[in-house]
Amino acid sequence: MDFSVISQLREKKFWWMDVIFYFTVSLLIATILCYLIFLVKNNIQKNDIIKITEALQTVGTDAQKAQEKEVINYQRKINDFAQLLKNHTFSSHAFAFMQKETMPNIWFNQFGFNSKDSQVQLSGEADSLDALSRQVAGFEKNEYVKNLGSLTASLGESARMQFSFALTLDSNIFDFSSDLSLTSTVSPSDQQVVQPPVGEEKTLPAGANQKMMTSFHLLLEPEVVAVIDQITHSVKADVPYGTDIKKITTSIVLSPGATVFPAPDTPQDFTSPVKYTITAQDGSTQDYRVLVSVLPQKGAKTSTKSNTGLGVIIAILVIIVIIVVGVIIFFAWKKMQSNKNAN
Amino acid sequence: MQIDRPIVSAIIIFIVILLVFFLVMPEYKAFVSLRDDLAKKRAEYDAERDYYAAIYKTYSELQVRQEDIKKIDNALPTDPDLGKIVYFLQRAAAQNSIIIKDMFLSRSAPANLPKTGGQPGTNAVKDITFSMDVLGDYVSLQQFIIALEKSARVLEVASITFGSSEEMPQENQTQFQLQRTYNVNLQVRTHSY
């Protein structure tokens, strides 16, 4: 390698050497600036993380966890209750079926019913074999009878036909919607719950002065359920970012007999709070103030943050460009000065 | 003092390379990592906040629907409340002219319900079955069963067995209108947690 080049560089003054020199100095400054900028940004981010971690501690407090537990328990209970109602059978429909389908001159003296397999075991007496055959044919043709089996018949001591058979009924017969439900003569008070032997408060029936808003839904896609504060009589709902809240129809559930103005199916402008007046049967009124808020754009903060790195890099590049341009201008100015001196 | 620019330039470039590798790059990597952590923490915070906001909203709705909740609590209580069931059965029987001869708790077993997403470890719904021998005529028995089926507590009649050894009625009588007293065996099922 010829080291005389370095020696020549040291002895002769080349203009581009100045350019390289100032450029390297500016590069050094830019590198240090870069380091400092990252250092500061990292500290800011660390502080932000600490703040969010602290904020996270405030979410999920004991009270909130208690609410969560209660909500989950009720969710489970409501699901179980719905399932029980779905499977609930009305065995009394078997009585209605028998009353409807039993022919004259047929007398049953044994009745057995099991809801598990919807089977009815019957035995009794018939006037004649003809009457029994008509009864059996009637059951067989019935839409609710799935199967008729174990039929036995014999002439009894009373000169009547003694018989027994088993009917397997369609389980739909025991459904609440079945058209075989018996008309109850039980008074409404008797149908009420198990009354405790000692002091439990009875729930009062809905009075004529009731004017409560029990549910408020904004008919959007998807539907938005508002939170009703029955103490301050205010209703609050948050709708997704970008929702037009100038014309929204609602669905409102009120106390029995109460009316509301404006009507729920009339579109309302929720850019400012809207007042709903509920009138009870006795004419008394209660106002509810409905406030709809549009949620901020989801992920807006995140996207800003994700662009931070790019912003820093651009800032550093801009600084470097400015420094390089400055160096070139400085060198040009110096060249002009030396030319002037030479002249 | 005259600066030896070529050597100084070379040294500066060397220093810049060292700075970039040992200071700037690690800081940049830390910056990227912290940025990701921050985004994750923010997402976690937003998700938790939204979740508890939804919980609060549902909880508020439950508070408003206390009357409905009370009905569900009555229908499917947390405890078996056997005393209340026995009291109700006795009361319903008395109101419908039915005499309860004997009654015993025949079975208490987990109900055959599909899983509904409850928390693991929580109690499942249990079936409580009562076996009863009662006395009464057909119409009273029918009304008694309707009263059971329409009670606020979910009650179902799982099986009914009754019969009579008495003589058959006259031809102009309808057997369902007879005032004849039957011995009836009933299996009544209810539920609790």
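The values are calculated or read from the model by the stated rules, or taken from the named source; none is laboratory data. Bear in mind that the values here come from a model prediction, so they are computed numbers and not experimental data. We place every Cβ from the backbone using ideal geometry, glycine too, and count neighbours over all the protein chains shown.
Could you check the stretch A:55-72 and list, in sequence order, the residues that are surrounded by 12 or more Cβ atoms within 10 Å (Cβ to Cβ), at pLDDT 85 or above and more than 26 Å from B:A124 (Cα to Cα)? Steps first, answer last, please.
Going through the stretch A:55-72, the residues surrounded by 12 or more Cβ atoms within 10 Å (Cβ to Cβ) turn out to be A:55-56, A:59-60, A:64-65, A:67-72.
Checking the rest, the ones that are also at pLDDT 85 or above come to A:55-56, A:64-65, A:67-72.
Of everything in the stretch A:55-72, those that are surrounded by 12 or more Cβ atoms within 10 Å (Cβ to Cβ), at pLDDT 85 or above and more than 26 Å from B:A124 (Cα to Cα) turn out to be A:A55, A:L56.
Of the residues B:D4, B:D37, only one is of a type outside the set (A, V, I, L, M, F, W, C), at pLDDT 90 or above and more than 23 Å from A:A237 (Cα to Cα); which?
Numbers: B:D4 fails: at pLDDT 90 or above.
Exactly one of B:D4, B:D37 is of a type outside the set (A, V, I, L, M, F, W, C), at pLDDT 90 or above and more than 23 Å from A:A237 (Cα to Cα), namely B:D37.
I'd like the full set of residues that are of a type outside the set (S, T, N, Q), touching a residue at least 40 places away in the same chain (Cβ under 8 Å) and not in a strand (DSSP E or B), limited to the stretch A:224-252. Spell out the reasoning first.
Start the filter on the stretch A:224-252 by keeping residues that are of a type outside the set (S, T, N, Q), which leaves A:224-229, A:231, A:233, A:235-242, A:244-248, A:252.
If we keep only those that are touching a residue at least 40 places away in the same chain (Cβ under 8 Å) as well, we get A:226, A:228, A:233, A:235-242, A:245, A:248.
Scanning the stretch A:224-252 gives A:A226, A:H233, A:P240, A:Y241, A:G242, A:I245.
Among the residues of the stretch A:199-227, which ones are at pLDDT below 80 and among the hydrophobic types (A, V, I, L, M, F, W, C)?
Selection gives A:L204, A:A206, A:A208.
If I ask for residues that are farther than 24 Å from B:H191 by Cβ, more than 7 Å from chain B (Cβ to nearest Cβ) and either of a type in the set (F, W, Y) or buried (at least 16 other Cβ atoms within 10 Å of the Cβ) (or both), which ones from the stretch A:73-107 would you list?
Result: A:A96, A:F97, A:M98, A:E101, A:T102, A:I106.
Kindly check whether there is at least one residue in the stretch A:126-133 that is under 21 Å from A:H93 (Cα atoms), touching a residue at least 12 places away in the same chain (Cβ under 8 Å) and surrounded by 18 or more Cβ atoms within 10 Å (Cβ to Cβ).
No, the stretch A:126-133 has no match at all.
Assigned to a strand (DSSP E or B) and of a type in the set (F, W, Y): does that describe A:F163? Break it down into steps so the answer makes sense when it comes.
On the way: assigned to a strand (DSSP E or B): yes; of a type in the set (F, W, Y): yes.
The answer is yes for A:F163.
Every residue, every condition in (1) within 19 Å of B:S60 (Cα to Cα); (2) within 14 Å of another protein chain (Cβ to nearest Cβ), yes or no:
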site	(1), (2)
A:I228	yes, yes
A:I231	yes, yes
A:Y241	no, yes
A:S272	no, no
A:K275	no, no
A:L291	yes, no
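Conditions first: (1) in contact (Cβ under 8 Å) with a residue 24 or more places away in the chain; (2) away from every other protein chain (no Cβ under 14 Å); (3) not in a strand (DSSP E or B). A:E221 passes all but one, so which condition is the exception?
(1)
Going through B:A54, B:A75, B:A30 one at a time, which residue ends up being modelled with pLDDT of 85 or more and under 21 Å from A:I50 (Cβ atoms)?
Working: B:A54 fails: under 21 Å from A:I50 (Cβ atoms); B:A75 fails: under 21 Å from A:I50 (Cβ atoms).
Matching residue, one of B:A54, B:A75, B:A30: B:A30.
In this structure, does B:Q119 turn out to be assigned to a helix (DSSP H, G or I) and either at pLDDT 85 or above or under 30 Å from the mean Cα position of the chain (by Cα) (or both)?
Details: assigned to a helix (DSSP H, G or I): no; either at pLDDT 85 or above or under 30 Å from the mean Cα position of the chain (by Cα) (or both): yes.
Spelling it out, it is not the case that B:Q119 is assigned to a helix (DSSP H, G or I) and either at pLDDT 85 or above or under 30 Å from the mean Cα position of the chain (by Cα) (or both).
Among the candidates B:I85, B:I55, B:I12, single out the residue that is under 30 Å from A:Q210 (Cα atoms) and part of a helix (DSSP H, G or I).
Just a single option satisfies the conditions, and that option is B:I55.
Looking at the stretch A:108-120, which of its residues are more than 8 Å from chain B (Cβ to nearest Cβ) and not in a loop (DSSP other than H, G, I, E, B)?
Of everything in the stretch A:108-120, those that are more than 8 Å from chain B (Cβ to nearest Cβ) and not in a loop (DSSP other than H, G, I, E, B) turn out to be A:Q119, A:V120.
Just checking, does the stretch A:131-143 include any residue being outside the structural domain of A:G156 (by TED's automatic domain parsing), farther than 30 Å from B:K41 by Cβ and modelled with pLDDT of 85 or more? Walk me through how you get there before you give the answer.
So the first thing to find is which residues in the stretch A:131-143 are outside the structural domain of A:G156 (by TED's automatic domain parsing), and the list is none.
No, the conditions are met nowhere in the stretch A:131-143.
Restricted to the stretch B:64-96, and to residues that are more than 30 Å from A:D229 (Cα to Cα) and exposed (fewer than 15 other Cβ atoms within 10 Å of the Cβ), which residue is farthest from the other protein chains (Cβ to nearest Cβ)? Outline the logic, then answer.
Filtering the stretch B:64-96 for residues more than 30 Å from A:D229 (Cα to Cα) gives B:79-96.
The next check asks that each one be exposed (fewer than 15 other Cβ atoms within 10 Å of the Cβ); those that pass are B:79, B:82-83, B:90, B:94.
Working: B:D79: 13, B:L82: 11, B:G83: 7, B:Q90: 10, B:A94: 10 Å.
Only one residue tops the list, namely B:D79.
Mind counting the residues in the stretch A:55-72 that are assigned to a helix (DSSP H, G or I) and either more than 7 Å from chain B (Cβ to nearest Cβ) or among the β-branched types (V, I, T) (or both)? Outline the logic, then answer.
Pass one, the stretch A:55-72, residues assigned to a helix (DSSP H, G or I): A:55-58, A:62-72.
Next cut, either more than 7 Å from chain B (Cβ to nearest Cβ) or among the β-branched types (V, I, T) (or both) only: A:57-58, A:62-63, A:65-66, A:69, A:71-72.
Of the residues in the stretch A:55-72, 9 are assigned to a helix (DSSP H, G or I) and either more than 7 Å from chain B (Cβ to nearest Cβ) or among the β-branched types (V, I, T) (or both).
Would you pick out the residues in the stretch B:122-140 that are at pLDDT below 85 and among the small types (G, A, S)?
Scanning the stretch B:122-140 gives a single hit, B:A124.
Residues in the stretch A:46-54: is at least one under 30 Å from B:I72 (Cα atoms), more than 7 Å from chain B (Cβ to nearest Cβ), among the acidic types (D, E) and surrounded by fewer than 16 Cβ atoms within 10 Å (Cβ to Cβ)? Before the answer, list the steps.
First, pick out the residues of the stretch A:46-54 that are under 30 Å from B:I72 (Cα atoms): none.
So far as the stretch A:46-54 goes, no, none of its residues is under 30 Å from B:I72 (Cα atoms), more than 7 Å from chain B (Cβ to nearest Cβ), among the acidic types (D, E) and surrounded by fewer than 16 Cβ atoms within 10 Å (Cβ to Cβ).
From the list A:S133, A:S150, exactly one residue is more than 42 Å from the chain's Cα centre (by Cα), part of a helix (DSSP H, G or I), away from chain B (no Cβ under 11 Å) and hydroxyl-bearing (S, T, Y). Which is it? Explain how you work it out, then say what you get.
On the way: A:S150 fails: part of a helix (DSSP H, G or I).
Among A:S133, A:S150, only A:S133 is more than 42 Å from the chain's Cα centre (by Cα), part of a helix (DSSP H, G or I), away from chain B (no Cβ under 11 Å) and hydroxyl-bearing (S, T, Y).
Does at least one position in the stretch B:39-53 carry a residue that is more than 30 Å from A:Q75 (Cβ to Cβ) and aliphatic (A, V, I, L, M)? Spell out how you get there, then give the answer.
First pass over the stretch B:39-53, keeping only residues more than 30 Å from A:Q75 (Cβ to Cβ): B:39.
Keeping just the survivors that are aliphatic (A, V, I, L, M) gives B:39.
Checked against the condition, which is being more than 30 Å from A:Q75 (Cβ to Cβ) and aliphatic (A, V, I, L, M), the stretch B:39-53 yields at least one hit.
Which one is farthest from the chain's Cα centre (by Cα), of the residues in the stretch A:33-45 that are among the hydrophobic types (A, V, I, L, M, F, W, C) and facing chain B (nearest Cβ under 7 Å)?
Within the stretch A:33-45, the first condition is being among the hydrophobic types (A, V, I, L, M, F, W, C), and the residues that meet it are A:33-34, A:36-40, A:44.
Pick out the ones that are also facing chain B (nearest Cβ under 7 Å) and you get A:34, A:38-39.
Values: A:C34: 48, A:F38: 42, A:L39: 44 Å.
So the residue we want is A:C34.
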